[in-house]
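The values are calculated or read from the model by the stated rules, or taken from the named source; none is laboratory data. What you see is a predicted model, and the numbers here were worked out from it, not measured in a lab. So basically every Cβ, Gly included, is an ideal-geometry build from the backbone, and we count neighbours across all protein chains shown.
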Amino acid sequence: MIYLDYNATTPLRPVALAAMLPWLGVPANPFSQHTPGRAAAAAVDRARGQVAAMAGWRREGVYFTSGATEANTTVLSRGRWLVSAVEHPSVLVWGADFLAVDVEGQLLLPPIAVAGALDGYTGVSVMLANNETGVIAPIAELAALTRRAGVLLHVDASQAPGRIPLLVDADFVTLSSHKFGGPQGVGALLVRPGLTPEPLLRGGPQERGQRAGTHNVAGVVGMGAAAAAISGTVHPYLRDRLEHALIDLGGRVAGGGAERIPNTTCVGFDRIDAADLVMALDLEGVAVSAGSACSSGSPEPSHVLRAMGFSGSAVRFSLGAGTTEAEVDIAAAAVGRVLQRVT
Ligand code: PLP
């Protein structure tokens, strides 16, 4: 199987697996006072430092969670948030109002640059890189606007690590381990010094009282190891090679005119619905995702594509460190065969 769905989840990096294995077989509760407990606490602390180093953040501001969904919920479930119309559903559900994007999926900032436009909001939440189209948001400009308005800025950066440098000027940043070679079920909320979001999970003293519940020690250690292993970014060459081949086959790229992370292309074909193309490619041995949600068996364009005014549905091809030139060529040829069959 050729795996081109890295934005859904990435394979566990061998270095992360190796770091995790010892913690799966030992009784390791970081809040136990005995030797194994203290060793577990030290391992969690080391991982906190690794995640902080990757994000350019202070380690005291790194709080481990069960993933990006929990990190997003911790911040956004309180207060009144303006969120972009193309957010991940775990952010979208908390939006009081929605910030529009243009046809390329780029945020329309002028409406919130007007004095008083952010009055009454707790803050603004915008993802750094869109998981469907890869379009990158202008976080520095947003940070200037939110700071001037005196409201908070939350950035879901789940799709950034390993794709683009992760230097985010925000009050809260969300990370998800399994998007960058760590295990699933672990993430982090980065909190600017001086801020303390109200805990979502209360009870025990873990994460300095900010997130109760025994740590997933192996998971946290794996996330730290994956964070430490990130070097550089994915080169856009393979994505561009694939994208050009798909355009030659009649594909239309969603957000193709915007600045994007270098591993993602989201392409629609007039001749075939995205959900059907995903299934046909699966039979051809190529794993990709539709930028569409299926409700009662009828495929609908995703909220992201609808917000962009993109006509029809689209398939997301997302590449990773392990992707080869041969793989993208085989994938493009498979799309060509499928399209030939439907004409
Ligand atoms: N935010 C974005 C941008 C994502 O792409 C995802 C993954 O699907 C999530 C949040 C949810 O991440 P997790 O699976 O860690 O809850």
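Scan the range 51-75 and report the pairs whose first residue is closer than 17 Å to residue 209 by Cα and acidic (Asp, Glu) and whose second residue is in a helix (DSSP H, G or I) and within 12 Å of the ligand (Cβ to nearest atom), with Cβ atoms within less than 9 Å and a gap of 6+ or a chain change.
So the pair list comes out as 70/90.
So is residue 196 among the β-branched types (Val, Ile, Thr) and over 26 Å from residue 140 (Cα atoms) or not?
no
Against the definition (under 23 Å from residue 228 (Cβ atoms), within 16 Å of the ligand (Cβ to nearest atom) and assigned to a helix (DSSP H, G or I)), how does residue 52 come out, yes or no?
For residue 52, the condition - under 23 Å from residue 228 (Cβ atoms), within 16 Å of the ligand (Cβ to nearest atom) and assigned to a helix (DSSP H, G or I) - is not met.
Does the range 171-190 contain at least one residue that is at pLDDT below 95 and out of contact with any Pro (no Cβ under 7 Å at 6 or more places or on another chain)?
no
Regarding the range 291-298, can at least one residue be identified that is closer than 14 Å to residue 264 by Cα and at pLDDT below 95?
yes
I'm checking my understanding of the structure. Among residues of the range 103-137 that are more than 16 Å from the ligand (Cβ to nearest atom) and over 18 Å from residue 81 (Cα atoms), which one is surrounded by the fewest Cβ atoms within 10 Å (Cβ to Cβ)?
103
For (1) surrounded by 20 or more Cβ atoms within 10 Å (Cβ to Cβ); (2) in contact with a Leu (Cβ under 7 Å, 6 or more places away or on another chain), each residue gets a yes or a no:
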| residue | (1), (2) |
| --- | --- |
| 4 | yes, yes |
| 8 | no, no |
| 16 | yes, no |
| 84 | yes, yes |
| 88 | yes, no |
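So, in the range 248-264, of the ones that are within 18 Å of the chain's Cα centre (by Cα) and over 15 Å from residue 138 (Cα atoms), which residue ends up surrounded by the most Cβ atoms within 10 Å (Cβ to Cβ)?
Within the range 248-264, the match that is surrounded by the most Cβ atoms within 10 Å (Cβ to Cβ) is 254.
If residue 146 passes every condition in (1) without any contact (Cβ under 8 Å) to a residue 40 or more places away in the chain; (2) away from the ligand (no atom under 16 Å from the Cβ); (3) surrounded by fewer than 20 Cβ atoms within 10 Å (Cβ to Cβ) but one, which one does it miss?
Among (1) without any contact (Cβ under 8 Å) to a residue 40 or more places away in the chain; (2) away from the ligand (no atom under 16 Å from the Cβ); (3) surrounded by fewer than 20 Cβ atoms within 10 Å (Cβ to Cβ), residue 146 violates only (3).
Just the residues that are in a strand (DSSP E or B) and within 12 Å of the ligand (Cβ to nearest atom), please, taken from the range 65-82.
If the condition is that a residue be in a strand (DSSP E or B) and within 12 Å of the ligand (Cβ to nearest atom), then 65 is the only one that fits.
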